[in-house]
Amino acid sequence: MSTTRINAVRGMNDVLPPSSAVLERFQDRAVAALRSYGYRQVRTPVVESTAVFRRGIGAVTDIVEKEMYTFTDALNGDSLTLRPENTAGVVRAAIEHSLLHDGPCRLWYYGPMFRHERPQRGRYREFFQTGAEALGFAGPEVEVEQMLLLHRLWRTLELGPVGLQLNTLGQAAERLRHRQDLIAFLQENRAELDADAQRRVESNPLRILDSKHAATQACLQRAPRLMDYLGEASLAHFERVQHLLHQEGIAFTINPRLVRGMDYYNLTVFEWVTDRLGAQGTICGGGRYDGLFELLGGKPTPACGFSIGVERVLELMGDAGADGAAGDVYVLHQGGATYDLALGAAERLRDAGLDVILHAGEASFKSQMKKADASGAEFAVIIGGDELAAGVATVKALRAGAVAAAFGEQQRLPLGVLPGRLVDALSVDDADGAI
């Protein structure tokens, strides 16, 4: 009896070894960076009430109009949605659980998001984001702090050139005056706009500024500039952001067309971009969203945050030669009593905090050494008949670099000192890569 093979749903991506090892490396370094700035983890449901996103993101946005996975709960008729982003959900949780009762808080998250988009490089229908939200913090300083956090993370991940783009959207009253003049301009020049932009002239004209259509962009070169409508306070806020970034040596460009995809943003918005991923050049975006708490039924609360497109960052990590090492040590043996000794040695190495692969089954040392080398481990620990008789292990460095230079190419070590010696040797590499 034959059955049809079942494949993954289009746009839903499997993450398999060795790519999963690169993902783990990203997760470890991202969490370390977030913790170093005082952020604590929050987890919210994958499914939320549809109103969270309609009210939070904006009803007339691509995400809400075209991309959300929305369905009706068969038991009670509620409209539910797989989250397309997580900021609105975090704010909903903060309001529901009074997280700011004792003052502002810094939160981070990691998890899957869902948007029904056309799958392409770096963009899937199920995709993952790591993000951070600073809730209850007014002023530009916390925005700059988040940009510094991200700059530090890109360095630790060794991503290579990643550019920071900035813009300011001002406050609601300023955007309203700009909106009125922008609508008048767009109505006068409607024939030059693409069909999607024409549809948005009255409903959401600011989103037209983010259009990728060449003719529309040419028309927008003559459009009223939001920056010309900003008051003294908004301009001072943006000047402060720029001053602090200059002070810390962070290069940036001002992009007046940068508006982001959600309606909840105000004042500073930013994106980190690269030219190495084709059209999907944005790897991280964020900004301030002081009005979102009120939109979701809370008290007026200043806030800002960002989200990282994990799949896109993983592609850059691959470009940068990120390793997919499966462990620190690969243990070889000849079966029988040598396996018994190798098993105990592997457990003691794990007790010392090392990641260890113990060869399964029996094979020649030549075959095992090929597997050890392919595993990405730094060391091969060899226990054969001679080592069994002497109560030692032969240790061979598998990679060129600081660890091998400090340890030497090969040594025979008593089993009692083996864990400590390898921990010391591997700490050379940790120190060498410290930021």
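The values are calculated or read from the model by the stated rules, or taken from the named source; none is laboratory data. Every value quoted in this text rests on a predicted model; they were computed, and no experiment measured them. Because the Cβ atoms are built from the backbone with ideal geometry, glycine has one as well, and the counts that use them run over all protein chains shown.
Structure notes:
- Sub-7 Å Cβ pairs linking a first residue in segment 39-51 that is more than 16 Å from residue 295 (Cα to Cα) to a second residue that is among the charged types (D, E, K, R), at least 6 apart or interchain, are 39/106; 40/106; 46/83, ordered by first then second residue.
- Only residues that are without any contact (Cβ under 8 Å) to a residue 24 or more places away in the chain and among the acidic types (Asp, Glu) were counted in segment 92-141, giving 2.
- Scan of segment 146-162 for residues that are surrounded by 19 or more Cβ atoms within 10 Å (Cβ to Cβ) and outside any helix (DSSP H, G or I), ordered by number: 159, 162
- Residue list for segment 376-428, restricted to those being of a type in the set (Asp, Glu) and surrounded by 17 or more Cβ atoms within 10 Å (Cβ to Cβ): 378, 387
- Residue within segment 400-418 that is part of a helix (DSSP H, G or I), within 31 Å of the chain's Cα centre (by Cα) and not aromatic (Phe, Trp, Tyr) present: yes
- Selection of segment 163-172 for residues being surrounded by fewer than 21 Cβ atoms within 10 Å (Cβ to Cβ) and either modelled with pLDDT of 90 or more or closer than 13 Å to residue 283 by Cβ (or both) yields 163, 164, 165, 171.
- Residue-level check: of (1) crowded, with 17+ Cβ neighbours inside 10 Å; (2) out of contact with any strand residue (DSSP E or B) (no Cβ under 6 Å at 6 or more places or on another chain); (3) not in a helix (DSSP H, G or I), residue 258 misses just (2).
- Any helices (runs of 4 or more DSSP H) falling wholly within segment 270-383 and containing at least 1 residues that are of a type in the set (Phe, Trp, Tyr): 292-295, 337-351, 365-375
For (1) within 28 Å of residue 143 (Cβ to Cβ); (2) part of a helix (DSSP H, G or I); (3) of a type outside the set (Gly, Ala, Ser); (4) in the same structural domain as residue 146 (by TED's automatic domain parsing), each residue gets a yes or a no:
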residue	(1), (2), (3), (4)
178	yes, yes, yes, no
224	yes, no, yes, no
235	yes, yes, yes, yes
242	yes, yes, yes, yes
249	yes, no, no, yes
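- Strands (runs of 3 or more DSSP E) completely within segment 1-110 that count 1 or more residues being within 21 Å of residue 260 (Cβ to Cβ), of a type in the set (Val, Ile, Thr) and at pLDDT 95 or above: 79-82
- Screening residue 197 against (1) surrounded by 19 or more Cβ atoms within 10 Å (Cβ to Cβ); (2) out of contact with any helix residue (DSSP H, G or I) (no Cβ under 9 Å at 6 or more places or on another chain); (3) without any contact (Cβ under 8 Å) to a residue 60 or more places away in the chain leaves a single unmet condition, (2).
- Answer residue from segment 71-114, given it is surrounded by 15 or more Cβ atoms within 10 Å (Cβ to Cβ) and polar (S, T, N, Q) and is farthest from residue 31 (Cα to Cα) among those: 81
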